[in-house]
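First comes the structure, then the notes that go with it.
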Amino acid sequence: MDADSLIVQLKPFSTFDEAPSSREDMVLCSTGRVGYLQGKSLEPRGISVANDSPLLAVLFLFVVVVLFNYHHCRRMFKNIKEDLVGVRRRANAFDDHTANELRASFVLILQMCVCQSLLLYYHFAARASAYEVMNRQLLMIFGLTAGLYLFQIVAYLVVGNVFADSASCKLWVRGYNVSAAISGIVLIYPTFIATFYPETTNAMIITALILFILIKSLFVIKGMRIFYDKIYSLLYFILYLCTLEIIPLIFVYSEVGLLCKCF
């Protein structure tokens, strides 16, 4: 006896309890066919970063490169307190900043931009119809985050040379680079967790935001210690916060939102 011959005699239900409650019972009562003999319809697998091998390869590549530069990163972190919050004008004879350390910082800053791009993409819950669309979105978001970093570096150089001496400007810019490198390290953890466990996305985004604000706050405090001179310096400091810290972040956030809606 095949499935097509399993036809039931339909009759009205006398009570509410006799009405079908499960999907299989509804199929049986409406079509006269036994549902489990018909098989189950498959749903296509969702498009995500965890299913895209090239993007995963890029993430793991950053981790591998950082591990290979662990010795240089360790040397960089030996001076992290002074570079992040210190305002000492004279260099210490034991502070050695080499080209290898610069390379390690560059990799971590690039990793920060990638993590920020992925977390912004997850925040707006962009659901792409194809891997090509998702990759195009992520590439554009990465362009925005990398552009934000470059814009702030140039702005810090200009503002530092205008309102302070060259030594103070170097301290300020180095503090920003160190804060960006630290962000690249700490943001990789919530990014990986949100990638492989999508149900934790909101919690990981909040965690990443808190970590980012804490690191950025240390850099802002260093800037205030460098440039604060008299009471009227607070006015310039407020203008700096709005112009270089708050407005650029709002701009990138809004542009990413519009970008995810356009696809």
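The values are calculated or read from the model by the stated rules, or taken from the named source; none is laboratory data. Nothing here was measured: the structure is a model prediction, and the numbers come from that model. Reconstructed Cβ throughout: ideal geometry from the backbone, glycine too, with neighbour counts over all protein chains shown. Each accessible area value is taken on the protein alone, full model and side chains, heavy atoms only, with ligands, DNA and RNA left out. Shrake-Rupley method; radii C 1.70, N 1.55, O 1.52, S 1.80 Å.
Descriptive notes on the structure:
- Looking only at residues in region 240-258 that are out of contact with any Leu (no Cβ under 8 Å at 6 or more places or on another chain) and of a type in the set (Ser, Thr, Tyr), the one that is most open to solvent (accessible area, probe 1.4 Å) is THR243.
- Across region 195-239, the qualifying residues are those that are among the small types (Gly, Ala, Ser) and surrounded by fewer than 16 Cβ atoms within 10 Å (Cβ to Cβ), and the one among them that is nearest to the chain's Cα centre (by Cα) is ALA203.
- Within region 157-194, the only residue that satisfies the criterion of being outside any helix (DSSP H, G or I) and either open to solvent by less than 20 Å² (accessible area, probe 1.4 Å) or modelled with pLDDT of 90 or more (or both) is LEU187.
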